[in-house]
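J.: A single structure is presented below for examination.
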Amino acid sequence: MVAAVVAVVVGVVVAVVVAVGVVVVVGVAVVVVVIFYFFKGEGMTIDELTIGEAKCPFVVGKAYFIRTCTYHLTGRVCAIVGNFLILNDAAFVADSGRFAPALSRGELREVEPMPDGTIVSMGAITDAAPWNHDLPREQK
């Protein structure tokens, strides 16, 4: 029986060797290891595990407040292409002010409108929230 192993490791480097019924692990201080076994002819294929198969939480036509590691923006998703969101009515939010009023009332301190068709990588997004207000289109 031949098995393939996929491991997710937090905080440590671990080497995993898979052979016929044998698994060798080099490195001991493992914090979290999640292992999926896939046996030849059984279970899921590697194609079914790719990130492309993951469900996208964004909905075309809906507006969002999006935070990335380095900036914030608002916009309406007009398309999802691969791992990218295409936004219309987008704006760079240089200063959101207090976060709760920004999300609950749409009050933003400093805004720079961006052109339609603005592209943002979903891999850069740290979190997002639905934007239930008019999208800011004036510089302030």
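The values are calculated or read from the model by the stated rules, or taken from the named source; none is laboratory data. No experiment lies behind these values; they were computed from the predicted model shown. When we count neighbours, we look across all protein chains shown, and the Cβ atoms used for this are built from the backbone with ideal geometry, even at glycine. Accessible surface areas use protein heavy atoms only, side chains included; no ligands, DNA or RNA. Shrake-Rupley method; radii C 1.70, N 1.55, O 1.52, S 1.80 Å.
J.: Counting Lys and Arg as +1 and Asp and Glu as -1, what is the net charge of the other residues whose Cβ lies under 14 Å from the Cβ of A63?
T.: 0
J.: Leaving ligands, DNA and RNA out of it, work out the accessible area of K140 with a 1.4 Å probe and give it in Å² to the nearest 10.
T.: Around 120 Å² of this residue is reachable by solvent.
J.: What number comes out for the charge environment of L103, summing +1 per Lys or Arg and -1 per Asp or Glu over other residues with Cβ under 12 Å away?
T.: +1
J.: What does the highest-first list of 73-82, 121-130 look like by mean Cβ count within 10 Å?
T.: Values: 73-82: 17.1, 121-130: 13.0.
Those peptides, ordered most packed to least, come out 73-82, 121-130.
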